[in-house]
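Before any comments, here is the structure.
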Amino acid sequence: TAYGVTKAGVLRLTESMAVDLGEYGIRCNAVLPGHMNIKHKFNTPPPAIGSIEESLFDSVPLRRRGTPEDIGRAVVFLCSNASACITGASLPVDGGLLAGAI
């Protein structure tokens, strides 16, 4: 319960801040990580597709854990001019975890 309420709060806070701060040119977005390989060494190949543990295999369509670099790339994109008209969005970086939960 606490996790669900907190996550919903973050999503709504992101949207509200985007509305309140947009007139000042401030964009507000959220990055939603999935199962992460926190032991991943920087600048090495990501885990192979299909390498996720069997217990998570059916819930993560890409079937691999994300890496801190995956999150970093999403943040760089959201901070760049390539996303200049994106605000109030929540970007899953989760290998399809949320898409598969529908």
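What distance in nm separates the simple spin-label points at S59 and Y24, each placed 7 Å from Cα in the Cβ direction?
Result: 3.8 nm between the two label points.
Across every pair of different alpha-carbon atoms, what Kirkwood hydrodynamic radius in Å does the stretch 21-68 reach?
Kirkwood radius, the stretch 21-68: 12.8 Å.
Could you pull out every residue, at least 5 positions away or on a different chain, whose amide H is within less than 5 Å of the one on S90? Hs are placed 1.01 Å off N in the peptide plane, and Pro or chain starts have none.
Residues meeting the amide H criterion: A30.
Would you calculate a helix-derived [θ] at 222 nm for the chain, using -39,500 (n - 2.57) for each DSSP H run of n ≥ 4 and dividing by the full residue count, to the nearest 500?
-11000 deg cm²/dmol
Please give the direction-averaged projected area of the C-alpha convex hull for the chain, in square nanometres with one decimal.
Result: a mean projected hull area of 7.8 nm².
Quick check: Cα centre of the stretch 37-53 to Cα centre of the stretch 61-85, how many Å?
Cα centroid to Cα centroid, the span is 15 Å.
Among L32, Y3, G72, whose Cα sits farthest toward the positive end of the charge dipole of the chain (+1 at Cβ of Lys/Arg, -1 at Cβ of Asp/Glu, about the Cα centre)?
Sorting the options by dipole projection puts first G72.
If you count, for each residue, the other Cβ atoms within 10 Å and average over each peptide, how do 58-67, 5-14, 92-101 line up from highest to lowest? Write out the running numbers ahead of the final one.
Working: 58-67: 18.5, 5-14: 11.9, 92-101: 15.9.
Highest mean packing first, the order is 58-67, 92-101, 5-14.
Between the DSSP loop rule and a limit of at most 10 other Cβ atoms within 10 Å, which chymotrypsin sites (Phe, Trp or Tyr not before Pro) in the stretch 36-92 are left?
Within the stretch 36-92, the qualifying chymotrypsin sites (Phe, Trp or Tyr not before Pro) (loop, at most 10 other Cβ atoms within 10 Å) are F42.
With r defined as the distance between the Cβ atoms of L98 and A48 and R0 fixed at 22 Å, what FRET efficiency is calculated, to the nearest 0.05?
After rounding to 0.05, the efficiency reads 0.50.
How would H40, H35 rank on accessible area, largest to smallest, probe 1.4 Å?
Order by accessible area, largest first: H35, H40.
Mind checking the full-extension length gain between K39 and S83? Use 0.36 nm per residue of separation minus the Cα-Cα distance, one decimal, nm.
Residue separation times 0.36 nm, minus the Cα-Cα distance, leaves 12.9 nm.
The values are calculated or read from the model by the stated rules, or taken from the named source; none is laboratory data. Since we're looking at a predicted model, the values are computed, not measured. When we count neighbours, we look across all protein chains shown, and the Cβ atoms used for this are built from the backbone with ideal geometry, even at glycine. Heads up: the accessible areas ignore ligands, DNA and RNA and are worked out on the full protein's heavy atoms, side chains in. Shrake-Rupley method; radii C 1.70, N 1.55, O 1.52, S 1.80 Å.
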